[in-house]
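The values are calculated or read from the model by the stated rules, or taken from the named source; none is laboratory data. Model, not experiment: these values are computed from the prediction. Because the Cβ atoms are built from the backbone with ideal geometry, glycine has one as well, and the counts that use them run over all protein chains shown. SASA here: full protein model, heavy atoms, side chains in, ligands and nucleic acids out. Shrake-Rupley method; radii C 1.70, N 1.55, O 1.52, S 1.80 Å.
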Amino acid sequence: MNDHPINVAGVDAVIAKVRAVYGRWRRDTPVAQMRADWDQLFGATGDARFTPVQADGVPCAWVAAPGVRADRAIVYFHGGGFQVGSLQSHRELMGRLSAAAGVRVLGVDYRLAPEHHHPAPLEDALTVMRWLGTQGPPLPHIALAGDSAGGGLALATLLALQAQGDAGPAAAFLMSAWTDLAATGESYETRAKADPIHQRPMIQAMARNFLGPQAEPRDPLASPLYADATALGRLPPLLLQVGDRETVLSDSVQFAQRVNAAGGRAACQAWPEMVHVFQQFPNELPQARAALAEGGLFLATHLGGASTGDIAP
């Protein structure tokens, strides 16, 4: 991990920005307003080309930093507790990841709760993967990435593809991944005072809204932490990054431990003093820029292969 000194003022500014949005929300705030507020919080777009596309009915967008190659791809699942977040809120993050990895990113605008419950996002993810298989590149030349709920969705997608017997993507990069919708991790206690945003009751409420009345929070396709050892051991190489102040710290730490115990390869980085999905604040935090650079290098290394000379426009 990068050794940038902690910019306390920058971290405080990030916390204030997020709290300002959460502070406007009440029980009767329409979900459409919450989504608009979240998109506005992350309004930067960057210089990456943004090209909307329909993947067999699932709205997506190709995000390509200048000069990146088009014969490899990263499929990105945004965070937001399965209730907010969009291609717009994560446009800059996807653009920076595209530049760091040197390849195009396909952002997925999967269906959200409360209108749609589990497994709707996973169904959309699998639809996109099938569509991408008809367009190219092949799965071994594709990596997955995601943050928070999107990180959990990326892992669930890997597990579902594995269960279908499909050749797996090359690797996955997860930021503050939500892997345990039952919220059982010890960090909900040990990081409760340090985390300025997310506490267990909030996380449990988001899980209920997403799961609906029928789903089980320990379903491995909703909470990948509960996948069996055989499935975890067959996952591709993983890089998990998480802030050390997060109540969801255990979601990443325990998941990586379970993968490694099963014979897989998962590196977990806990970044000191960082908060939930700190990578989404690259303009305020040098750690965010450094973390995205590491994630991009990890993905580029595992995507590998000689360039075909096919460069994204």
Within 10 Å, count the other beta carbons around each residue, average over each peptide in 204-214, 142-152, and list them highest first. 142-152, 204-214
Can you give the alpha-carbon Rg of the chain over 2.2 N^0.38 Å, where N counts its residues? 0.91
Mean separation of Cα contacts under 8 Å (6+ apart) over length of the chain, as relative contact order %: 21 percent
Need the full-extension length gain, N283 to T190, defined as separation in residues times 0.36 nm minus the C-alpha distance. One decimal, nm. 30.6 nm
So how long is each side of segment 236-289 along the principal axes, counting just the alpha-carbon atoms, biggest first, in Å? 38, 21, 13
Simple spin-label estimate for D47 and Q33 in nanometres, 7 Å along Cα-Cβ: 3.9 nm
Per residue, accessible area of segment 153-297 with a 1.4 Å probe, heavy atoms of protein chains only, in Å², comes to 36 Å²
Quote the FRET efficiency, to the nearest 0.05, computed for I6 versus H141 with a Förster distance R0 of 35 Å and r equal to the Cβ-Cβ distance. 0.40
Which percent of the Cα-Cα distances in segment 204-313 go past 18 Å? 62 percent
Could you work out [θ]222 nm for the chain from helices alone, using -39500 (n - 2.57) per DSSP H run of at least four and dividing by all its residues? Round to the nearest 500 deg cm²/dmol. -12000 deg cm²/dmol
Scan segment 111-198 for trypsin sites (Lys or Arg not before Pro) in coil per DSSP, keeping those whose Cβ has at most 10 other Cβ atoms within 10 Å, and list them by number. K193
Taking all pairs of distinct alpha-carbon atoms in segment 151-279, Kirkwood radius in angstrom: 14.7 Å
Sites M202 and Q257, calculated FRET efficiency, Cβ-Cβ separation with R0 22 Å, nearest 0.05: 0.30
Dividing the Cα convex hull volume of segment 183-231 by residue count, how many Å³ per residue is that? 86 Å³
Descending Cα extents along the principal axes, segment 1-142, whole Å: 44, 41, 25
